Amino acid sequence: MFIEQMVSEHGDWSEAELNAHLRQECGIEVHDTTVGRFIRAKGWRYKKTVFASERDREEIREARVLWRAWQKHCDTSKLVFLDETGATTNMIRQYGRAKGGARCFGHAPGGHWQTMTFIAGLRADGLTAPG
C-alpha cells in the first residue's frame, strides 16, 4: 500500500528516486530495477503527458475556444501545413548483438557524413514543393 501511495503522489519520480525514498523512509534496501519490476507488476507504467502550463490561463482558454470555432468554418483550400524532414548518412544502428567474446560489426561512411533536409507544404489538394 505504501508504494502505491508513493507512486501516485510522485508519479514522475524515476526508479532510483523511488528507491532512495524507500531507503530513507522505510530502511528497505533493494536494487532500483527491483522497484521498477514491482511497480510494473502492479500495473503502473512510466510515461507522462506534458501540457503547456500556459493553457490554463484565461486568455489562452478563450483563444482556444475561438480557434476551435474558426476551424469549423475555415476555407481548407487556403491552408498550407509546412513540414520538415531530414536524413543523414550516419543514421545507422549504434548497437547490435553478438555471441559472448565476438563483436558485432556495422558499416558507415568514414566521417563523410552528409545531411539532407527537405521542407514542403501540404495542401488539401496535394503536396507543394519548395519553389
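Of note, I119 does not satisfy the criterion of being of a type in the set (V, I, T), part of a helix (DSSP H, G or I) and more than 30 Å from F2 (Cβ to Cβ).
The residue that is nearest to K47 (Cα to Cα), among those in the stretch 1-31 that are crowded, with 16+ Cβ neighbours inside 10 Å and of a type in the set (A, V, I, L, M), is V7.
So which residues in the stretch 76-99 are over 23 Å from the mean Cα position of the chain (by Cα), closer than 23 Å to P130 by Cβ and not in a helix (DSSP H, G or I)? Selection gives L79, V80, T89. Taking the stretch 108-131 as the range and being farther than 30 Å from L79 by Cβ and modelled with pLDDT of 80 or more as the test, only Q114 passes.
On the stretch given as the stretch 40-56, residues that are out of contact with any helix residue (DSSP H, G or I) (no Cβ under 6 Å at 6 or more places or on another chain) and either small (G, A, S) or surrounded by 11 or more Cβ atoms within 10 Å (Cβ to Cβ) (or both) total 6. If we keep just the residues of the stretch 62-81 that are within 17 Å of A120 (Cα to Cα) and touching a residue at least 40 places away in the same chain (Cβ under 8 Å), which is surrounded by the fewest Cβ atoms within 10 Å (Cβ to Cβ)? Selected residue: S77.
Quick one: is A108 in a loop (DSSP other than H, G, I, E, B) and loosely packed, with under 10 Cβ neighbours inside 10 Å?
So A108 does not fit the description; no.
The values are calculated or read from the model by the stated rules, or taken from the named source; none is laboratory data. Computed from a prediction, not measured in an experiment: that's the story for all the values here. Because the Cβ atoms are built from the backbone with ideal geometry, glycine has one as well, and the counts that use them run over all protein chains shown.
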